[in-house]
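Notes to accompany the following structure.
The values are calculated or read from the model by the stated rules, or taken from the named source; none is laboratory data. Just so we're clear, the structure is a prediction, and the values are computed from it rather than from any experiment. Cβ placement follows ideal geometry from the backbone for every residue including glycine, while neighbour counts extend to all protein chains displayed.
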Amino acid sequence: MTDVTTAEVASGAAGDDDYDYDRSALRKKLALVDEMPGSPKPNPILTVDHITRRFGGIAAVDVDHLEVQRGSITALIGPNGAGKTTFFNLLTGFDIPDKPTNPAETPAWVFQGKSMASTSAFRVARAGMVRTFQLTKALSAMTVLDNMMLGSQEQQGERLTLSMFWPGWRPREKAIKAKAEDLLERFKLHEKKDDYAGSLSGGQRKLLEMARALMSDPAMIMLDEPMAGVNPALTQSLLGHIQTLRDTGTTVLFVEHDMHMVRHISDWVVVMAEGKLVAEGQPGTVMQNQAVIDAYLGSHHDQDLGDDSVLEEDFDKAIAAENAQLENQEEAILAYAEKVREGEVVAPEPTDAEKRAAKTTTKAARAAKSKGKSV
């Protein structure tokens, strides 16, 4: 894990007196929170109410209430198609929630006391809530350093009227460059600063996107599957960087399928399925919930799926159960047929619908037979 300097903590603490830099104290507070979907938090940085998004007849997101604790690393987990990325898109202004039929259920989400509903993506980022993407959005034809500098806010040289007067924006440009190089050093990408972003590996692009997000000094960063496609050699480095973000004053909300990572760094876990929140709690207790394990983590979450005996045992049981069921059905049919032949049971008369179906089947069979002869 990356070391956190006293200066970094002090600078972050000066900006937010409510932030829990003591992680043990934070976890003691969360231990008192009810482990149920939509549970209230002691000091939420983000509160979401009545946010829904449908695609056709499918509800991709249907969240009634969610609170994210300030200063925590919160994991949002669930199976593929649960609506996690769509939820991120809605919160960060990349998508728009559906209009409710009931005015009392108007979508609303508040970040640091400010409403973010109907707010464009760039305004959400300016408010201090930034995100990364499942598929990295690095500008491949620009250098790593230029990618970093684009992430900074309040760049006076971007204004047409000021761009021609370089003494007005040159000092700010130098400050942005120094900050970008400092972050690249921290993320072990400084040697790549003059390389094109398109030449980086998948893991390095993840690091670049995370570092670029920090150029705007966010209060909360939302990471969409930060470990997806990352070389295992970089996994530990990413874990360290995420924990350092929290320790230096940035709340973290991330989507991830790697349950070992979730257990290792999360303070709180939110479970999503079919667009709804189905569980919340501390990693240790949520992971022990049998329904969550079976539905979202897999029944073999703690076993080596490379071990063929695990799969063979399950298949044998399933095949044996299916064979037994088929044998019971066959025996019941034979017994019933025998009783009909012996006159003990009178076979029921077919219904009109069954008679019509039988006639249709007979006609189709005759047509197929005559067609075969003609051929």
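For ASP22, state whether it is in the same structural domain as HIS264 (by TED's automatic domain parsing), under 15 Å from PRO283 (Cα atoms), among the charged types (D, E, K, R) and without any contact (Cβ under 8 Å) to a residue 12 or more places away in the chain.
Criteria not met by ASP22.
Taking interchain pairs and intrachain pairs at least six residues apart, which have beta carbon atoms under 6 angstrom, with the first residue in the stretch 244-264 and over 26 Å from ASP217 (Cβ atoms) and the second acidic (Asp, Glu)?
Qualifying pairs under 6 Å: VAL262/GLU256.
Quick grid of which residues meet (1) touching a Ser or Thr at 6+ places or on another chain (Cβ under 8 Å); (2) modelled with pLDDT of 90 or more; (3) closer than 22 Å to VAL292 by Cα; (4) outside the structural domain of SER266 (by TED's automatic domain parsing):
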| site | (1), (2), (3), (4) |
| --- | --- |
| GLY57 | no, no, no, no |
| ALA75 | yes, yes, yes, no |
| GLY93 | yes, yes, no, no |
| THR119 | no, no, no, no |
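Residue check, ASP146 against (1) within 23 Å of the chain's Cα centre (by Cα); (2) at pLDDT 85 or above, all met but one. Which one?
Result: ASP146 fails condition (1) only.
So which residues in the stretch 16-44 are in a loop (DSSP other than H, G, I, E, B) and among the basic types (Lys, Arg)?
Once the filter is applied, which keeps residues that are in a loop (DSSP other than H, G, I, E, B) and among the basic types (Lys, Arg), the stretch 16-44 yields only LYS41.
Scanning the stretch 4-15 for residues that are part of a helix (DSSP H, G or I) and hydroxyl-bearing (Ser, Thr, Tyr), which turns out modelled with the lowest pLDDT?
THR6
Of a type outside the set (Phe, Trp, Tyr) and under 28 Å from GLY71 (Cα atoms): is that true of ALA125 in this structure?
The answer is yes for ALA125.
Here's the yes/no breakdown for (1) at pLDDT 80 or above; (2) assigned to a loop (DSSP other than H, G, I, E, B); (3) more than 19 Å from PHE133 (Cα to Cα):
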| residue | (1), (2), (3) |
| --- | --- |
| PRO218 | yes, yes, no |
| LEU223 | yes, no, no |
| MET227 | yes, yes, no |
| ALA233 | no, no, yes |
| LEU238 | yes, no, no |
| LEU245 | yes, no, no |
| LEU253 | yes, no, no |
| HIS257 | yes, yes, no |
| HIS264 | yes, no, yes |
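Give all pairs with beta carbons closer than 6 Å in which a residue from the stretch 184-211 that is in a loop (DSSP other than H, G, I, E, B) meets a residue that is not hydrophobic (A, V, I, L, M, F, W, C); count only pairs at least 6 apart in sequence or on separate chains.
ASP194/THR143
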